[in-house]
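Worksheet for the structure shown next.
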Amino acid sequence: GMAIVTTMVGLATTLKLAITAEGVETEAERLAATAVGCSHLQGFAIAQPMPFADLVSWIAKYHSQKGKIFKTR
């Protein structure tokens, strides 16, 4: 569980690599991933899959809200 994640994040940090937590589906998972140092997140807690045409407006909304987590539903 979290011991493996913490170890992998520590290794990636030592190697100066960006870390992406995939499959982040809940606020609790987002908090846990950021607490151990994940620098990037991907998953339904961030946004649902969307067509490229919708991505531009999603990015603008994301930046206007200063990166606050929200769902597009």
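Brief remarks on what is shown
- Search result, residues across the range 58-73 that are farther than 20 Å from THR34 by Cβ, at pLDDT below 85 and surrounded by 10 or more Cβ atoms within 10 Å (Cβ to Cβ): THR72
- Scan of the range 9-57 for residues that are in a helix (DSSP H, G or I), surrounded by 13 or more Cβ atoms within 10 Å (Cβ to Cβ) and polar (S, T, N, Q), ordered by number: THR13, THR34
The values are calculated or read from the model by the stated rules, or taken from the named source; none is laboratory data. These numbers were taken from a predicted model, which means no experiment stands behind them. Don't worry about glycine lacking a Cβ; one is built from the backbone with ideal geometry, like all the others, and counts go over all protein chains shown.
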